[in-house]
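I have placed the structure first, in the form of structure tokens, so that the comments after it can refer back to it.
The values are calculated or read from the model by the stated rules, or taken from the named source; none is laboratory data. Keep in mind the model is a prediction, meaning the values are calculated, not measured. All Cβ positions, glycine included, derive from the backbone under ideal geometry; neighbour counts span all protein chains shown.
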Amino acid sequence: MYLSLSYPEVLPLIQSYGYGIWTPKIGGDYALVVKAPKETILAAKINGGFKIYLAPASVGAESSVVIISAFFDDEDEPLTISTPLVDADSSSYHMLEFFKSNEFNVFFFDENMRELLSYRAAADFSTIRDGIVRKRLMSDELTSAMLESARDWFSRRTEKDDEIAVEIKFGESLFRDDFFILDLDMDRHQFIGSKSFSHTSLERDEPGQYQEQDIVFLLQRAYHPSRIFLNPIKAVDGEEFVDVLVDGQEAVLLIQAKDSPNNEKILRTSVDRKRRKSISQVKASMDQLQGAVSFVKKDPLLRFSLNGKIVEIDVSGKLLIAIAVVKELFNDSFREYSDLTFDLVEKAQVHSVFFDYPELNMMTFHCRSEKKFLSAIAQIWEGAMEEGEFPRLRYSGKPDLTED
């Protein structure tokens, strides 16, 4: 069963979810929906399942629990997604009902609403169900702090915690998982530089173009497609000067993207090697952004070509922001990332920030306009200036869809 075709009416609900696990009713039965980055989904596929931990969380005198789903690309530091259990959110009570199940369907979606895997699965949730019943669900205003507390617990978990975690085991696949997605959605392909279609797959041996298009899809939550330019080419010499250009009302964004293949070999790479790769991706992005900034600053009437046509945009009077987007960031490497970014700031005299792809997804999920997106960047920038190091982004809850 391909959920997107069999029950399309449930897709708007899934689209409203951020990263996490969710338990909507589908066809009369509760199902498990996992919304996660491609690396996390691939880890689930390769391992034939994943684990769920009931993580204790506390803020002051308040205590509750958080669901942490772990996908073991690495035995000690697996990929994780955290799902809060909020008192005011009906989906948390649906999850309690779901945890009465022993067999169920599980569906995997990425942040751009592509259904990539689905299985019949089995698990014994009795310990998690009992643990939740004994705890108060958290209040909405404590969600961020509770998630941070739970993540801290997970980083210090013991072998016994691993042993009592619930293992979800995949059985029969509900549709073939060796497929190729051709996306013909015209609304999603209105950006400048589009071929009017795109294609993707879960496993990617050549990552670059896939990630750049995915970044454009995320940015369209905050910006009109007509203001987003993919792979602009300098008219003077025919060379691409940046991966993605956004000509906003208030600021111009120059975005340089770096990804790695999404396959088992890369997934099983040691955490130490992934950390070194992450730092090198930030460095390479900042080096390329320096050239892009220099080009844009030469003339406020920016002239470049796309799809064989010359484009001219006037960037005078707008703030220029250089943004690096890499595959993955590590909490213990933010000093190195920050030093590389401050180096670009000093050399190019430009505002600059960096994200990993999941962070950019969560930022655009919550900031659905240029005003909100730039406000978030301003907070990041101000925090970096005050502390001398860029902060790690943390978002939780549902996006604010109110008008600016």
| query | Within the range 255-278, is there a residue that is touching a Phe, Trp or Tyr at 6+ places or on another chain (Cβ under 9 Å), surrounded by 20 or more Cβ atoms within 10 Å (Cβ to Cβ) and farther than 23 Å from D205 by Cβ? | reply | no
| Quick one: which of F330, F241 is over 19 Å from E389 (Cβ atoms), touching a helix residue (DSSP H, G or I) at 6+ places or on another chain (Cβ under 9 Å), surrounded by 14 or more Cβ atoms within 10 Å (Cβ to Cβ) and among the aromatic types (F, W, Y)? | F241
| request: Under 8 Å between Cβ atoms, at least 6 apart or on separate chains: pull out the pairs that start in the range 105-122 with a residue that is more than 15 Å from Y7 (Cα to Cα) and outside the structural domain of K35 (by TED's automatic domain parsing) and end on any residue that is modelled with pLDDT of 95 or more and in a strand (DSSP E or B). | output: none
| message | Just to check your reading of the model, which residue among S58, S69 is modelled with pLDDT of 95 or more, within 22 Å of S149 (Cα to Cα) and either not in a strand (DSSP E or B) or not aromatic (F, W, Y) (or both)? | response | S69
| message | Let me confirm something: among D187, D183, D162, D247, which residue is under 23 Å from the mean Cα position of the chain (by Cα) and within 30 Å of D73 (Cβ to Cβ)? | response | D183
| field | Matching strands (runs of 3 or more DSSP E) fully within the range 145-211 where at least 2 residues are of a type in the set (D, E, K, R) and in contact (Cβ under 8 Å) with a residue 40 or more places away in the chain | value | 166-173
| query | Taking the range 333-371 as the region of interest, how many residues are surrounded by fewer than 16 Cβ atoms within 10 Å (Cβ to Cβ) and either β-branched (V, I, T) or under 23 Å from V296 (Cβ atoms) (or both)? | reply | 5
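Listed here are the residues, each with its yes/no results for (1) surrounded by 12 or more Cβ atoms within 10 Å (Cβ to Cβ); (2) over 26 Å from H366 (Cα atoms); (3) outside the structural domain of Q281 (by TED's automatic domain parsing); (4) touching an Asp or Glu at 6+ places or on another chain (Cβ under 7 Å).
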position: T143; (1), (2), (3), (4): yes, no, yes, no
position: M146; (1), (2), (3), (4): yes, no, yes, no
position: A150; (1), (2), (3), (4): yes, no, yes, no
position: T158; (1), (2), (3), (4): no, yes, yes, no
position: I192; (1), (2), (3), (4): yes, no, no, no
position: K195; (1), (2), (3), (4): no, yes, no, no
position: E212; (1), (2), (3), (4): yes, no, no, yes
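Residues checked against (1) within 29 Å of A235 (Cβ to Cβ); (2) touching a Lys or Arg at 6+ places or on another chain (Cβ under 9 Å):
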site: N263; (1), (2): no, yes
site: K277; (1), (2): no, yes
site: G308; (1), (2): yes, no
site: L320; (1), (2): yes, yes
site: L329; (1), (2): no, yes
| note | Exactly one of G28, G18 is small (G, A, S) and within 21 Å of M362 (Cα to Cα), and that one is G18
| note | Subset of the range 102-132, residues out of contact with any helix residue (DSSP H, G or I) (no Cβ under 9 Å at 6 or more places or on another chain), among the acidic types (D, E) and modelled with pLDDT of 95 or more, comes to E103, D124
| query | Can we say R268 is at pLDDT 95 or above and either of a type outside the set (D, E, K, R) or within 25 Å of the chain's Cα centre (by Cα) (or both)? | reply | no
